[in-house]
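Colleague: Have a look at this one.
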């Protein structure tokens, strides 16, 4: 039976909400005995049903849910480890208790300052103990159901050779299930098919199979050491927006750059894993559109002036639109201020260079200060790009890059950015070979993604803009 991830998430949300409500009621009972009774309230019921307390009873639980969201706890409602649960709950409660205590509790006027210590203790111990107990219970129930094979994740194995067969047999023979419900295999035609007992489908039908079989996870088990062939295969899977794993081995070309997570059978490489923490992902997800909207609003006078200068300097449109490949290899239309003459690119796509005659006089200035990139805040607002991420390229050049550097496909694991570590450290590239050189910086970024790194890149980008070192 397939796991209902939405239902599981609701259980955690409801559990956290109930825990926060119960603890805040207990805190208010304690506040009445030591604080509220001397501020005009003559009985507990009157105090608990006062406007201020009722408002707190509504707001505080939602504060906790928001805090837990930004901690990243709700990002992965499945396969939570006990250590992860304990650590995430402890840190979140520590932060939340301090916020609640200093924003709300310290405003009370106790008869004795020792009451503050007691309130802090009740808040922390109660919030942690009840929240963790409910979470651990929900997780334990789910884990048992998975281990006893009552529920699991619909998985599709890519490959139909000896390696795929061995993995399927190992997963099925485990005393405690790991949660994989193998629905069948995809024969890529690259190796002899040895599967007999389970369905085998052709590569051409994979999209239909994923939809019909309600696939939740893809496992690449094709026996291949050809780097180009393997990355081309992975590129064909990104578009389905599903977790992708691959079997690891001493000859795996992926093991060099992607962290591994072990399972009891064969170790798996998590291809679509994002090294940024779950909490930071949520913060980035919220901040990107907010900053983009503010930037578009504040820079609107600059946009108007740039538009006027562009129209004055050369005939044609103000904005330049171009198709690029973004998250999971999905095409999107990037928008920039036009820096070249109209119809500057005829025939096959061409890269620009510093003394390119197609660039207008004002276009040179915009490129120098990266002003032509400003409209991409609209792409960020639409959710197609991020403020910081690998630079998106056109498919024409992507195809040339991957012919020499197949690992380029790894950049599709995150959203592309207005600015990137490659743009900061390397700048514009006017040949495919230089694009590959710049790619190394983007791969380093992917391995070390964090809000701190993003902030550093933004600071360097601002410095580049102010000093006019964009070209």
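Colleague: Identify the single condition in (1) surrounded by 16 or more Cβ atoms within 10 Å (Cβ to Cβ); (2) part of a helix (DSSP H, G or I); (3) at pLDDT 90 or above that residue 186 does not satisfy, given that it satisfies every other one.
Modeller: All conditions are met except number (2).
Colleague: Of all residues in the range 295-330, which are part of a helix (DSSP H, G or I) and touching a helix residue (DSSP H, G or I) at 6+ places or on another chain (Cβ under 9 Å)? Don't jump to the end; show me each part of the working.
Modeller: Looking only at the range 295-330, we keep the residues that are part of a helix (DSSP H, G or I), and these are 295-298, 300-313, 327-329.
Residues satisfying the conditions are 295, 296, 302, 303, 306, 309, 310, 312, 313, 327, 328, 329.
Colleague: Quick check on residue 385: is it surrounded by 22 or more Cβ atoms within 10 Å (Cβ to Cβ), in contact with a strand residue (DSSP E or B) (Cβ under 8 Å, 6 or more places away or on another chain) and farther than 23 Å from residue 240 by Cα?
Modeller: On the way: surrounded by 22 or more Cβ atoms within 10 Å (Cβ to Cβ): yes; in contact with a strand residue (DSSP E or B) (Cβ under 8 Å, 6 or more places away or on another chain): yes; farther than 23 Å from residue 240 by Cα: no.
For residue 385, the condition - surrounded by 22 or more Cβ atoms within 10 Å (Cβ to Cβ), in contact with a strand residue (DSSP E or B) (Cβ under 8 Å, 6 or more places away or on another chain) and farther than 23 Å from residue 240 by Cα - is not met.
Colleague: From the list 79, 6, which one is in contact (Cβ under 8 Å) with a residue 40 or more places away in the chain, out of contact with any strand residue (DSSP E or B) (no Cβ under 7 Å at 6 or more places or on another chain) and either assigned to a helix (DSSP H, G or I) or on the phi > 0 side of the Ramachandran plot (or both)?
Modeller: Numbers: 6 fails: in contact (Cβ under 8 Å) with a residue 40 or more places away in the chain.
When all the criteria are applied, what remains is 79.
Colleague: Same structure, new question: Consider residue 259 carefully, then state whether it is at pLDDT 85 or above and either over 24 Å from the mean Cα position of the chain (by Cα) or under 23 Å from residue 329 (Cα atoms) (or both).
Modeller: no
Colleague: Just to verify a result, which residue in the range 414-428, among those that are buried (at least 22 other Cβ atoms within 10 Å of the Cβ) and touching a residue at least 60 places away in the same chain (Cβ under 8 Å), is nearest to residue 337 (Cα to Cα)?
Modeller: Taking the range 414-428 as the starting set, the residues that turn out to be buried (at least 22 other Cβ atoms within 10 Å of the Cβ) are 414-423.
Then drop every residue that is not touching a residue at least 60 places away in the same chain (Cβ under 8 Å), which leaves 414-416.
Working: 414: 25, 415: 21, 416: 18 Å.
By that ranking, first place goes to 416.
Colleague: Follow-up question, since we're still on this one. Is it the case that residue 370 is at positive phi and either assigned by TED's automatic domain parsing to the domain that holds residue 418 or surrounded by fewer than 13 Cβ atoms within 10 Å (Cβ to Cβ) (or both)?
Modeller: On the way: at positive phi: yes; either assigned by TED's automatic domain parsing to the domain that holds residue 418 or surrounded by fewer than 13 Cβ atoms within 10 Å (Cβ to Cβ) (or both): yes.
So residue 370 fits the description; yes.
Colleague: May I ask you to list the residues in the range 193-229 that are modelled with pLDDT under 90 and within 26 Å of residue 406 (Cα to Cα)?
Modeller: Selection gives 221, 222, 223, 224, 225, 226, 227, 228, 229.
Colleague: Also: Which of the numbered conditions does residue 91 fail, given that it passes all the others? Conditions: (1) assigned to a helix (DSSP H, G or I); (2) at pLDDT below 95; (3) surrounded by fewer than 16 Cβ atoms within 10 Å (Cβ to Cβ).
Modeller: (2)
For (1) touching a residue at least 40 places away in the same chain (Cβ under 8 Å); (2) in a strand (DSSP E or B); (3) loosely packed, with under 14 Cβ neighbours inside 10 Å, each residue gets a yes or a no:
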{"site": "332", "(1), (2), (3)": "yes, yes, no"}
{"site": "342", "(1), (2), (3)": "no, no, yes"}
{"site": "349", "(1), (2), (3)": "yes, no, yes"}
{"site": "377", "(1), (2), (3)": "yes, no, no"}
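The values are calculated or read from the model by the stated rules, or taken from the named source; none is laboratory data. Computed from a prediction, not measured in an experiment: that's the story for all the values here. Using ideal geometry, Cβ is built from the backbone for each residue, glycine included, and neighbour counts are taken over all protein chains shown.
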